[in-house]
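The structure appears right after this line, and notes come after that.
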Amino acid sequence: SVPDMEARVHEIKAHFGDRLFIPGHHYQKDEVIQFSDATGDSLQLAQVSAGNRAAEYIVFCGVHFMAETADILTDDYQQVILPDMRAGCSMADMADIDQTEKAWTVFQEMFGDTIIPLTYVNSTAAIKAFCGKHGGATVTSSNAKKMIEWAFTQKPRLLFLPDQHLGRNTAYDIGVPLDQMAVWNPINNQFEYEGDLEQAKVILWKGHCSVHEKFTVQNIADLRKNEPDMRIIVHPECSHEVVQLADDAGSTHYIIETLKKAAPGTKWAVGTEMNLVNRLSDTHIDKTIISLNPNMCPCLTMNRIDLPHLLWVLEELKNGVVINPIKVDSETAHLSKLALDRMLERA
Ligand code: 13P
Ligand code: SF4
């Protein structure tokens, strides 16, 4: 039963004490997040993992790329475990390293040494290593603006991958006009761009988040009509049109902080993952908080981590068996760390 499973997780956590650390991303289910030693967005979880030297075992409640990042930022004696290996990220899967190397050859021919790669942390370790190797860095939704500004101090042009929306929304925010952003389609190896490529300052990889893409201009139009006094706040993984029509946009952390500070009685429609929206609605009972999309948008891969999987890996750990270890090879880890450190120094 659920209470039995919960009691058992408590027992195992007490048994390990500080030797076990459980980070939980804000998009995780409540049944999991109740056991996390730290909750955060992807930047905060990267920072707490980097700062933790006590834990021998880090049972990461989030998705695969986050567990890889935790492995890269921790020491060799620290073992990162992902409770379910199927907890991937469809966006991270949209930039494969072979496609990226191939695209980079094209960009080098066209632009020479005038381009720097930046990757959203929502990417594989191999892509982070690629950016590390070519003088680039990682970004999260919390520091994308700062990192794009930094990239332009290094080179006049940047490749942003894998999320075209975060790249476009953030570059637009710092003043890059839309007609200076080209899209690279890695499926057919072609640019999608009307203008003169020489003028393109930002090359956006054609990837997206299947959760945040479900918030639409129609959702906003419906809400404006039916609930005119409701404010709309969305994550920058939503499309440019949605971000422009919303009242406010920002990272997971920004959304949480904005709703915490909002006045009692205010009404909010939120365009981000459903576990978080539900939790915000349950926490702030003095405000009305709903999802911008009435059909709600869970991240199916985040939801793979559930109480039975968490308990399973913990039980095995107690028996001395490490299930689902996450280990990035040392060459990839070294190069990815260059990209992550360039971000963490500035975050
Ligand atoms: P942040 O945690 O950086 O806001 O990213 C959102 C996300 O999609 C995590 O997978
Ligand atoms: Fe990936 Fe989107 Fe899920 Fe985040 S919410 S893990 S970007 S699919």
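Every number in this text was worked out from the coordinates using simple rules, so none of it is lab data. None of the values given here were measured: they were computed from a predicted structure. Positions of Cβ are backbone-derived with ideal geometry, glycine not excepted, and every protein chain shown enters the neighbour counts.
Within a Cβ distance under 14 Å of ASN303, other residues only, what is the Lys/Arg minus Asp/Glu net charge? Summing Lys and Arg as +1 and Asp and Glu as -1 gives -1. Which shape class, rounded, prolate or oblate, goes with the stretch 198-347 when its Cα gyration tensor gives a ≥ b ≥ c as root eigenvalues, a/c under 1.5 marks rounded, and past that a/b bigger than b/c marks prolate? In terms of gyration-tensor shape, oblate. Pairs exceeding a 32 Å alpha-carbon distance, out of LYS201/LYS260; LYS29/LYS206; LYS29/LYS327; LYS102/LYS327: LYS201/LYS260. The label-point distance for TRP104 and LYS318, in a model that sets each label 7 Å from Cα toward Cβ, rounds to 4.6 nm. Computed on the stretch 262-305, with alpha-carbon pairs under 8 angstrom and 6+ residues apart, the relative contact order is 44 percent. The local environment of PHE21, defined by Cβ-Cβ distances under 11 Å, has a net charge of 0 under the rule Lys, Arg +1 and Asp, Glu -1. Which of these, THR216, THR258, THR138, has the largest mean-square fluctuation under a Gaussian network model of the chain (Cα springs below 10 Å)? Looking only at THR216, THR258, THR138, the biggest GNM fluctuation is shown by THR258.
Mean separation of Cα pairs under 8 Å and 6 or more residues apart, divided by the residue count, gives the chain a relative contact order of 22 percent. The packing ranking, built from the mean of other Cβ atoms within 10 Å per residue, places the peptides 161-169, 194-202, 239-247 in the order 161-169, 239-247, 194-202, highest first. Mean separation of Cα pairs under 8 Å and 6 or more residues apart, divided by the residue count, gives the stretch 69-228 a relative contact order of 21 percent.
Taking Lys and Arg as +1 and Asp and Glu as -1, the other residues whose beta-carbon sits under 11 Å from that of LYS318 total -1. Here the gap between SER330 and GLN218, fully extended at 0.36 nm per residue and compared with their Cα-Cα distance, gives a gain of 35.6 nm. Shape verdict for the stretch 92-205, please, from the Cα gyration tensor: rounded (a/c under 1.5), prolate (a/b greater than b/c) or oblate. The shape class here is rounded. Of all the options VAL234, VAL121, VAL321, the one that moves most in a Gaussian network model of the chain with Cα springs shorter than 10 angstrom is VAL321. Would the chain count as rounded, prolate or oblate if I go by the C-alpha gyration tensor, calling it rounded below 1.5 in a/c and otherwise prolate when a/b exceeds b/c, oblate otherwise? Oblate shape, in that a/c is at least 1.5 and b/c is the bigger or equal ratio.
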